[in-house]
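Since the structure comes first, as structure tokens, the remarks are kept for the end.
The values are calculated or read from the model by the stated rules, or taken from the named source; none is laboratory data. These figures come from a predicted structure and were not determined experimentally. Every residue, glycine among them, receives a Cβ derived from its backbone with ideal geometry; neighbour counts consider all protein chains shown.
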Amino acid sequence: MKTTQRTAAKKQSRKRTSKIIQLNAFRTPYTKDTDKMITGLLNVAQAGLWPNQNFSEKEKTVFKELIADHFSNGKSDKRNFKELLERICLVKRYVARKRGRYISKPQDWLNIHYPLGLAGTSAWLERVNEVRSDVPEYNKGIQTFAKAVLSFIESPGENTIHKYRKQLIAQRQFDLLQVFYTTIINLQFSL
């Protein structure tokens, strides 16, 4: 009698401990604007972090899917986009400050589950925002850069380029100006 109770209990526990499969059914579908932002983020990341590497279309598709995961956090797409751009800029400057620093492979660095990649830079931006609460002009160049890329994605044209070119030059953000130019070229000609 006890053995039948044990087997029944085992069957019950097996039913309760079934495997959980995560579905993307509850993720909101991405709009055309979000797709443009994802492409823009990939272009900025490539221009700023891996400027000497060419990626195949297959690799770019994988990278875009990895970037898209960063948009499923409930924030508005535009706000999320600007924050991710600022984080990429912070990493670009971190690597440039000291010889020997490097960025891991894009497929790792862009993965939302990789703590030493883009996902791990959220604390960096939080610290910058804390300082900005006392010193509003702190790291203003990366804010301007993020606004510039978003503005260009929303309304590409000469006026947008000239407006933000002037601002980045006035703020002496020449490294970001170069990334801005490269991003514009890549977006305009789908490189």
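Quick look at the numbers
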{"item": "Which numbered condition ASN139 misses (of (1) modelled with pLDDT of 95 or more; (2) surrounded by 11 or more Cβ atoms within 10 Å (Cβ to Cβ); (3) on the phi > 0 side of the Ramachandran plot)", "result": "(1)"}
{"item": "Members of segment 95-117 found to be of a type outside the set (Phe, Trp, Tyr), in contact (Cβ under 8 Å) with a residue 60 or more places away in the chain and assigned to a helix (DSSP H, G or I), listed by number", "result": "ALA96, PRO106"}
{"item": "Close pairs (6 angstrom Cβ cut-off, 6 or more residues apart or separate chains): without any contact (Cβ under 8 Å) to a residue 60 or more places away in the chain and over 22 Å from ARG97 (Cα atoms) in segment 160-184, surrounded by fewer than 17 Cβ atoms within 10 Å (Cβ to Cβ) and among the small types (Gly, Ala, Ser) anywhere", "result": "THR160/SER151"}
{"item": "Scan of segment 44-67 for residues that are assigned to a helix (DSSP H, G or I), closer than 26 Å to LYS140 by Cα and among the hydrophobic types (A, V, I, L, M, F, W, C), ordered by number", "result": "VAL44, ALA45, ALA47, LEU49, ILE67"}
{"item": "Test: PHE63 is in contact with a Cys (Cβ under 9 Å, 6 or more places away or on another chain) and either at positive phi or in contact (Cβ under 8 Å) with a residue 40 or more places away in the chain (or both)", "result": "no"}
{"item": "Total residues in segment 66-83, condition of a type in the set (Gly, Ala, Ser) and without any contact (Cβ under 8 Å) to a residue 12 or more places away in the chain", "result": "2"}
{"item": "Residue count for segment 148-162, restricted to those that are in a helix (DSSP H, G or I) and surrounded by fewer than 15 Cβ atoms within 10 Å (Cβ to Cβ)", "result": "4"}
{"item": "Count of segment 73-94 residues which are in a helix (DSSP H, G or I), more than 12 Å from the chain's Cα centre (by Cα) and farther than 20 Å from LEU176 by Cβ", "result": "0"}
{"item": "Test: residue in segment 174-187 that is surrounded by 14 or more Cβ atoms within 10 Å (Cβ to Cβ), in a helix (DSSP H, G or I) and either among the small types (Gly, Ala, Ser) or over 21 Å from the mean Cα position of the chain (by Cα) (or both)", "result": "no"}
{"item": "SER104 being loosely packed, with under 14 Cβ neighbours inside 10 Å, among the polar types (S, T, N, Q) and farther than 20 Å from PHE81 by Cβ", "result": "yes"}
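Every residue, every condition in (1) hydroxyl-bearing (Ser, Thr, Tyr); (2) within 17 Å of ILE112 (Cα to Cα); (3) surrounded by 12 or more Cβ atoms within 10 Å (Cβ to Cβ); (4) under 12 Å from the mean Cα position of the chain (by Cα), yes or no:
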| position | (1), (2), (3), (4) |
| --- | --- |
| ASN52 | no, no, no, no |
| PHE55 | no, no, yes, no |
| LYS58 | no, no, no, no |
| ALA68 | no, yes, yes, yes |
| PHE71 | no, yes, yes, yes |
